[in-house]
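Shown next, in C-alpha cells, is the structure this report addresses.
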Amino acid sequence: MSSTEQGTSSAAPAEPTTAPESAAAPEVPESFYYVHGKDKVVHKVSAGALQHSALIHGMISNLGYTEEQAKANPFPFENIDGDILQMVVDWCNQHKGKPTPPEDTNLPKQKEKLFDLVLAVNYLEIKELLTYCCKQVAMMVKGKSPEEIREIWMIPTDAEDEAAEKEAKKRAGKEAAGETAAAAGDAK
Amino acid sequence: MSKNAQENGTIERIKEAVKEEKYAIEKFPLLELPDLVRETVIRLMDPIEIFDFSQCSKRMRRTVKRSVRHKTYHLYLQAGKMYQIALYPAIYPEKKEKQAIFRVRKLNGDARRDPIYDRNLGNFQKIHGRFQESVLYLCHKSHFEITMALVAELMNLMTIKFHQVRMFLDAVENRDHRPLVEWLNGFPDGIKSTHISGDLVSNENMVDLMQTYQCSQTLRFFGRLDGFKIDHLPLKATDLSIAHTHWMTVDNVLQLDNVITFRLENARHFSDTDFNFILKRIISGALPKMVLAHFIPGRTYNRAVICQDIPMVRENSDRVFSRFPKVQIEDVGGFHFNLDNGDLGSIFFYTNVRAGMTLKGIGVIVWRPDA
C-alpha cells in the first residue's frame, strides 16, 4: 500500500491541491502513460486515471518513466480487444479522482462485450468496475426461473455434467495407461 | 387508422418483432469466467436468485454453497394460512436493503401447471413456483412441509439467523400448531422473538403450546381465549408480553421465574388485592430475575389498596411526572420500596391519554445490581 502511495506521488507530481497555491511557479504537467490492446491502437491515459487499475498502478509505481520513455514503451495488453480497452480507458478517465457512484449505467448491454469487459477488468484489477460488471451479470437473471437461468448462463444439466465427468475420467485413464506403457517401454 | 394497420399486417409484424426481441435470450457463458469473478457475481445476487440459481444443477448448488456460505441473512417467518419467509441482509437496518420474500401456498385442486415454473427442492420434485414483483411464490399440496424444506435448503446454502416467528394459530393447517412448534424447537440456537395470535384455538392446544414452545427471548401473545386457564407455566422466554389475559392467574404470574421484562394487558380480572399480593411476593423474593413488570388493568384502580401494608417513599422528582398535571390526575405518581434482600424497587402509577382513550397502567421496576 505504501509503495503504491509513493508511486503515485512520484508518477503524478502535479497534485491539484498544490497547483493553485503556487500560481507563480510553473505548473508541473500531469504524467501520462500509454497502453495498447490487441489492435495496437495506443491510448494515452493519465497516471491519475490509471490508479483505478491495481495492475497498471503497481507497474508504473516502480518504473519512474519520463514522458519520452513512456511514449516509447506503451504497455501491451495483447489479450484485450481494442474496443474493450477503449471502454476501460474511458471509464478510468471519467472516474479519475472521483468517488465511485453506487451504480453505473454506462456499461455495455451486449452480453459478448460484457463478457470480454469482465475478463479485461479482472485482468487489469479494477475493483469498482468489476463490481459494476458483476452486478450487471447478476441482473441478467433477475426474476428468471432455474430453466431460464440455465439457458442464459449456459449451465449444463446434471446429466451433461455426469457425461463430461465420465469422459474426463476415461481420458485420464487412457492417458495414465499410455504413460505406464511408455514407462515400461523405456525400462525395456 | 387501426383498421388500415391491421389490414396491412403492421401490427402483426410489430408483435412478432417484439416477441422475437423478448425471446431472443442473449447468452452469457458464466462458467467461463474466472472462479473469483463467478463467486463475486453470485455474492451480488439476491437470495431468491441465489436459490433459483442453485436449483440449476448439483454442480451449481455446490458452487453457490462455496460462494455465499459466509453471507449472513436474518430470517423472519410468518406461519398461518400461508407461510412467508423474509430474508434480510445482516447489515439491515443500518443500510436499508430490500428483503427477499418467499411465499408458500397450498396448491388446491388440479390447477394446470406450466412446467416452466417447476422448481426442484430437496426431496420434493417439481414445486410450482413463480417470481412476481420481487416475491417468489411456491405452491405445493403440503405447504408446511415445503416451508421446512425451503428453510433447510436456505440454511444449507447461506448463513441464516432465525430472528422472528409470527404464528397465526387460527389459520394454521387443521388449527394444529404442534408440528410447527416441534420444528421450531429443533433449531439449536432457538427463536429469538415470537408473536402468537389466535382467538379460536382450543384450550388444549394453547396449554400444549405454552408448555412446549421454547422461545429464547421475546414472546408476545395476542388472543381472546375465553375461559382458558393454565396451571403450570414453564416459559423459557425472558421478555413476555400477553395482550389478553383471560387465562392468566396470579399463580401464573408468580411462576415466571425466567422472565426479565413482563407486560400484561387488559388485566381486568386481576383485582387490586391481587396486585397487592403480587407486589408483596416480589418484595419477599418471588420473580428473582424480573426487572420490569408492566400491568395495564384497563379499569380504574385504588392505589391505596395496591400499596396496602407496604412501606412506600413518595417519588419527589418533578422531572419524571412533570408532563402530567397533578391537579387533574391525582393517581399519577411514583413510590419507592425496599425488597427483603436489600434491593430497591419502584412502582409507578401513570396515565396515558391518546386519541380520546385513557390508558392507566402500573409499572414495577426492581433495581437489581446483578441484572
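The values are calculated or read from the model by the stated rules, or taken from the named source; none is laboratory data. Predicted model, so just to flag it, every value in this text is computed and none were measured. Counting neighbours? That spans all protein chains shown, and the Cβs are built from the backbone with ideal geometry, glycine included. Note: areas computed on protein heavy atoms with side chains; ligands, DNA, RNA excluded. Shrake-Rupley method; radii C 1.70, N 1.55, O 1.52, S 1.80 Å.
Here is how the numbers come out for the structure above:
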item: Test set (1) surrounded by fewer than 18 Cβ atoms within 10 Å (Cβ to Cβ); (2) modelled with pLDDT of 85 or more; (3) more than 7 Å from chain A (Cβ to nearest Cβ); (4) outside any loop (DSSP other than H, G, I, E, B) - B:LYS81 fails condition number; result: (4)
item: Any chance A:GLU165 is open to solvent by 70 Å² or more (accessible area, probe 1.4 Å), within 14 Å of chain B (Cβ to nearest Cβ) and assigned to a helix (DSSP H, G or I); result: yes
item: Count of segment B:138-162 residues which are open to solvent by 40 Å² or more (accessible area, probe 1.4 Å) and in contact (Cβ under 8 Å) with a residue 24 or more places away in the chain; result: 6
item: Residue under evaluation A:ALA177, criteria (1) at the interface with another protein chain (Cβ under 9 Å from one of its Cβ atoms); (2) open to solvent by less than 90 Å² (accessible area, probe 1.4 Å); (3) in a helix (DSSP H, G or I), criterion not met; result: (1)
item: Sole exception among (1) crowded, with 17+ Cβ neighbours inside 10 Å; (2) among the hydrophobic types (A, V, I, L, M, F, W, C); (3) over 26 Å from B:GLU145 (Cα atoms) for B:ILE91, by number; result: (1)
item: A:LYS113 modelled with pLDDT of 90 or more, more than 9 Å from chain B (Cβ to nearest Cβ), open to solvent by 40 Å² or more (accessible area, probe 1.4 Å) and part of a helix (DSSP H, G or I); result: no
item: All strands (runs of 3 or more DSSP E) inside segment B:106-152 with 3 or more residues being farther than 21 Å from B:VAL172 by Cα and either within 14 Å of chain A (Cβ to nearest Cβ) or at pLDDT 75 or above (or both); result: B:118-121, B:124-132
item: Wholly enclosed helices (runs of 4 or more DSSP H) of segment A:8-71 bearing at least 3 residues over 22 Å from the mean Cα position of the chain (by Cα) and modelled with pLDDT under 80; result: A:18-21
item: From the options B:GLU39, B:GLU16, B:GLU26, residue that is modelled with pLDDT under 90 and more than 9 Å from every other protein chain (Cβ to nearest Cβ); result: B:GLU16
item: Filter pass, A:MET140 being facing chain B (nearest Cβ under 9 Å), among the hydrophobic types (A, V, I, L, M, F, W, C) and open to solvent by less than 60 Å² (accessible area, probe 1.4 Å); result: yes
item: Which listed residue is closer than 27 Å to B:ASP340 by Cβ, open to solvent by 10 Å² or more (accessible area, probe 1.4 Å) and at pLDDT 80 or above, from B:VAL259, B:VAL250; result: B:VAL250
item: Filtered residue count, segment B:62-71, keeping only those that are modelled with pLDDT of 90 or more and either outside any helix (DSSP H, G or I) or within 10 Å of chain A (Cβ to nearest Cβ) (or both); result: 1
